[in-house]
Amino acid sequence: MLYFATPSGPEVTAAMSRGDLGFITTPAQHNLRPEGAAWCADNGCFGKGYPGDEQWLAWLAGKDHLQDCRFATAPDVVGDAHATYERSLPFLSQIRALGYPAAYVGQDGQEDFDPPWAEFDALFIGGTTEWKLGPAAASLVAQALDRGKWVHMGRVNSRKRLRYAHSIGCHSVDGTYLAFGPSKNLPPLLRWLKELEES
C-alpha cells in the first residue's frame, strides 16, 4: 500500500525519498517532489484548488519525472458521477497524450452506469464518505482490479480507513494525516503501513 501525502517537514520528505511514502501534488501547491519519490497529480477539484482547464493541462505539461507518476486525475465533480463523466471524458485522452497514466474519479451514482474503462488507467475512489465506504464503491474497485487498473482511494486519515482501503484491494491512498503534526503522526502511519505489508 502506498500512502501519498504532502512533504510536511524533513522527516516526511526523507520517508518519501526512501520510498516509504508517496508524494501528492496539485496546481495550488508549490511543493517540490522529494528526490526519488513516487508521486501523483491531483486536480484540486476537492476544495478550491482547481485552476481551470487550460491551466490544469499546462501545469501537467510542465512537470517532469513522469516515469515516477502513478496517475494524474481528470477534473471531476465531487459526489456526482454523471457530472464527473461529462467533465472528465474530454480530458482522459489529453492526460495520456502528455505521458501520464490517466485517473478517473468514481463518485456517488457510478453504480448506475459503467465508467469509460478503456479511456483511463487508474480508478480514484472519491465521492462522499458514505459512498466511498459502501458496497457500490467496493464493487467498482473489484471491477477495476479485474481490468488491471491501478486503484486509489482519497481522504484516508485513520488506521481504520487505511485498513479498509487495503481490504478492498486499493493500491494507494492519500490523506492529510501527516499535515497536522508530521513528527507525531509519521511513526504510527509507517507502522500501520508495515502492518498491512506483513498481513
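The values are calculated or read from the model by the stated rules, or taken from the named source; none is laboratory data. As the structure is a prediction and not an experimental result, all values here were calculated from the model. As a convention, Cβ positions derive from the backbone with ideal geometry for all residues, glycine included, and neighbour counts pool all protein chains shown.
Listed values, structure above:
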| quantity | calculated |
| --- | --- |
| Number of the condition not met by residue 14 [criteria: (1) in a loop (DSSP other than H, G, I, E, B); (2) of a type outside the set (S, T, N, Q); (3) at pLDDT 95 or above] | (1) |
| Top-ranked residue of the range 29-59 - restricted to ones that are touching a Pro at 6+ places or on another chain (Cβ under 7 Å) and part of a loop (DSSP other than H, G, I, E, B), ranked as farthest from residue 195 (Cα to Cα) | 51 |
| Cross-chain or 6+ apart pairs with Cβ under 8 Å, the range 168-196 first and surrounded by 12 or more Cβ atoms within 10 Å (Cβ to Cβ), then acidic (Asp, Glu) and not in a loop (DSSP other than H, G, I, E, B) | 182/11; 183/11; 186/11 |
| In the range 85-115, residue farthest from residue 68 (Cα to Cα) [restricted to those that are hydroxyl-bearing (Ser, Thr, Tyr) and in contact with a strand residue (DSSP E or B) (Cβ under 7 Å, 6 or more places away or on another chain)] | 88 |
| Matching residues, the range 17-28, being of a type in the set (Ser, Thr, Tyr) and not in a loop (DSSP other than H, G, I, E, B) | 17, 25 |
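Yes or no, residue by residue, for (1) closer than 20 Å to residue 78 by Cα; (2) aliphatic (A, V, I, L, M); (3) in a helix (DSSP H, G or I); (4) in contact (Cβ under 8 Å) with a residue 60 or more places away in the chain:
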{"position": "142", "(1), (2), (3), (4)": "no, yes, yes, no"}
{"position": "148", "(1), (2), (3), (4)": "no, no, no, no"}
{"position": "151", "(1), (2), (3), (4)": "yes, yes, no, no"}
{"position": "156", "(1), (2), (3), (4)": "yes, yes, no, yes"}
{"position": "164", "(1), (2), (3), (4)": "no, no, yes, no"}
